[in-house]
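Bear in mind that the values in this text are calculations on the coordinates, not laboratory data. The model shown is predicted, which means the values in this text are computed figures rather than measured ones. Please note: Cβ atoms are built from the backbone with ideal geometry, for glycine as well, and neighbour counts cover all protein chains shown.
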Amino acid sequence: MPLYDFECRVCGRVFEAMAAMDAAEGVCACGGTAKRLVSVGRGFRADADWLESVTDVVEKDSPKPHVRAFLAEPSRANYCRWMAGEGLRPLESGEARRAPSPRDGIAREVLARFAARLGAPA
C-alpha cells in the first residue's frame, strides 16, 4: 500500500498513513476523519530508499515503545520519534557534519590496536 498525506478535519493535524489508492479519507489519532492531501511524489514503502537503511540499524528485539512503533509502521513520523527516543537528531538544513578532529584518528588507532590484541580484524 502507498503512503499518503492526510489532514484531520477535526484537529487539523497533518500526518501520513498507508491507504488504498482509491481511499479519499483516513482516520486521525484523535478519532476524526481526515482528507487525503495532494502531494508530490507518492511512493510505495518498498521504494523508500531511506527506510531500508534505517531499519537495518534499529534493534529488532528492543522492548522500547518507540522502537516497536517504528518497526510496526516505519513512517516519517515514527522515524522522528525513534530518533528522539534514541537521543539522535537529524541535521538541520544548512548544518554541516562535524569535521573530523585529530582525536578521531587517535581513537581509531586505539580501537585498531585493541582489536589486534583480541585477534579480531580491524
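When a footprinting reagent is the concern and you count Cβ atoms within 10 Å, what order do ASP22, ASP56 take, fewest first?
Result, fewest neighbours first: ASP22, ASP56.
Give a residue-ordered list of calculated ³J(HN,Hα) values for segment 78-94 (Karplus: 6.51 cos²θ - 1.76 cosθ + 1.60, θ = phi - 60°; whole Hz; x for Gly, Pro).
Ordered by residue, 3J(HN,Hα) equals 5, 4, 5, 5, 5, 4, 5, x, 8, x, 9, 8, x, 5, 6, 5, x Hz.
Computed over the Cα atoms of the chain, what is the ratio Rg over Rh, Rh following Kirkwood?
Details: Rg = 20.3 Å, Rh = 17.8 Å.
With Rg and the Kirkwood Rh in hand, the quotient comes to 1.14.
So if a site counts as exposed when it's one of the GluC sites (Glu not before Pro), its DSSP state isn't H, G, I, E or B, and it has at most 15 other Cβ atoms within 10 Å, what's the longest stretch of the chain without one? Numbers along the way, then the final one.
Numbers: sites that count: GLU59, GLU92, GLU95.
Maximal segment without exposed cleavage sites: 1-58.
So how much slack lies between SER53 and LEU71, counting 0.36 nm per residue of separation and subtracting their Cα-Cα distance, in nm? Before the final figure, lay out the partial values.
Numbers: separation 18, 0.36 × 18 = 6.48 nm, distance 1.27 nm.
Stretched out fully, the SER53 to LEU71 stretch lengthens by 5.2 nm.
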